[in-house]
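Below is one structure; the comments refer to it alone.
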Amino acid sequence: MRDGEWWQGLNRADSAVGPAEAWLRPRAALRWEPVDKPIVEPVTKLGGQPVWLDEPFWPVSSTGGGPMVFIAQFRLPGPELRMAYLFIADDPDGTGLTFEPEGGDNALLVQPDGRIPEFVRGVAQPTGPSLWRRGEQWTERVPVEVRVSATDFGPDDEYHYSWIGGRPHFWQPDVLGIGKGWLFFFQLDGAEGIDEDAYALNFGGGTGFAFLSRDEREGRFFWDCV
């Protein structure tokens, strides 16, 4: 199902309490659809450049100081057009704080009517580094852009860890400081960016998790692994 279809099928559960609960239902498995030209519409996608709905704001890494990498934009559920933009610091040496939700090396920004977290710093530029996969050489970075679709979660998705809605699949019991005021939005599986991988995201062999505040104006992101 494409953007306009599966977003309409997501329902909020007002009874959800905390980040481990199913706030959006039903759970849907995320799929990647290759494109032959840049996506310039405000739809859910991985890679490319963000399609801003408000003034551009490109986050910078708190540890490295450089611009973060644009990973994805996800449409928020509901009839109003709103987007969440995910950025992660470029951390090839693994010395950053990308695994911490408020370490300043991740940013999940909401537009319009969003609230930039106090720990996020950035610049007013519309474009920057974006998601990639590996080329013929291990160190070669090939830009990636794919449209995101969704399907019903079935038995064949038992080991598929990229989804929206439902409950998150935490690898560790400690959710790293995500409090009860945060609601689970989506998760992305890590990948090496080789063979059949659509992208490269170093989550230590684990998964990245996105959350929204209860007023849906602010986001958090961190990754977790075994």
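The values are calculated or read from the model by the stated rules, or taken from the named source; none is laboratory data. As the structure is a prediction and not an experimental result, all values here were calculated from the model. FYI the Cβ positions are ideal-geometry reconstructions off the backbone, even for glycines, and counts take in every protein chain you see.
Within region 85-96, being surrounded by 19 or more Cβ atoms within 10 Å (Cβ to Cβ) and free of Cβ contacts under 8 Å to residues at least 60 places away in the same chain holds for Tyr85, Phe87, Ala89, Gly96. Taking the conditions (1) touching a Ser or Thr at 6+ places or on another chain (Cβ under 7 Å); (2) surrounded by 16 or more Cβ atoms within 10 Å (Cβ to Cβ) in turn, His169 satisfies each one other than (2).
One residue alone among Phe87, Phe99 is in a loop (DSSP other than H, G, I, E, B), out of contact with any helix residue (DSSP H, G or I) (no Cβ under 6 Å at 6 or more places or on another chain), within 14 Å of Arg220 (Cα to Cα) and among the hydrophobic types (A, V, I, L, M, F, W, C), and that residue is Phe99.
Just one residue in the set Gln49, Gln73 is polar (S, T, N, Q) and in a loop (DSSP other than H, G, I, E, B); that residue is Gln49. The set of residues in region 54-68 being in a loop (DSSP other than H, G, I, E, B) and touching a Gly at 6+ places or on another chain (Cβ under 8 Å) consists of Asp54, Phe57, Ser61, Ser62, Thr63, Gly64, Met68.
The strands (runs of 3 or more DSSP E) found wholly in region 119-226 and carrying at least 3 residues that are at pLDDT 95 or above and within 15 Å of the chain's Cα centre (by Cα) occupy 145-152, 182-189, 207-213, 219-224.
Considering the conditions (1) under 29 Å from Gly166 (Cβ atoms); (2) surrounded by 17 or more Cβ atoms within 10 Å (Cβ to Cβ), Val17 is excluded by exactly one of them, (2). Restricting attention to region 190-208, the residues being buried (at least 17 other Cβ atoms within 10 Å of the Cβ) and under 14 Å from His160 (Cα atoms) number 6.
When Glu218, Glu136 are checked against the criterion of being among the charged types (D, E, K, R) and without any contact (Cβ under 8 Å) to a residue 24 or more places away in the chain, Glu136 stands alone in meeting it.
One line per residue, one yes/no per condition, for (1) within 20 Å of Gly193 (Cβ to Cβ); (2) among the polar types (S, T, N, Q); (3) surrounded by fewer than 24 Cβ atoms within 10 Å (Cβ to Cβ); (4) in contact (Cβ under 8 Å) with a residue 24 or more places away in the chain:
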position: Lys45; (1), (2), (3), (4): yes, no, no, yes
position: Phe57; (1), (2), (3), (4): no, no, yes, yes
position: Val69; (1), (2), (3), (4): yes, no, yes, yes
position: Gln73; (1), (2), (3), (4): yes, yes, no, yes
position: Met83; (1), (2), (3), (4): no, no, yes, yes
position: Glu102; (1), (2), (3), (4): no, no, yes, yes
position: Ser130; (1), (2), (3), (4): yes, yes, yes, yes
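Here Pro42 meets the list (1) assigned to a loop (DSSP other than H, G, I, E, B); (2) touching a helix residue (DSSP H, G or I) at 6+ places or on another chain (Cβ under 7 Å) almost entirely, failing just condition (2). Look through Phe74, Phe57, Phe70 and report the one residue that is closer than 17 Å to Phe185 by Cα and in contact with a strand residue (DSSP E or B) (Cβ under 8 Å, 6 or more places away or on another chain). Of Phe74, Phe57, Phe70, the one residue that is closer than 17 Å to Phe185 by Cα and in contact with a strand residue (DSSP E or B) (Cβ under 8 Å, 6 or more places away or on another chain) is Phe74.
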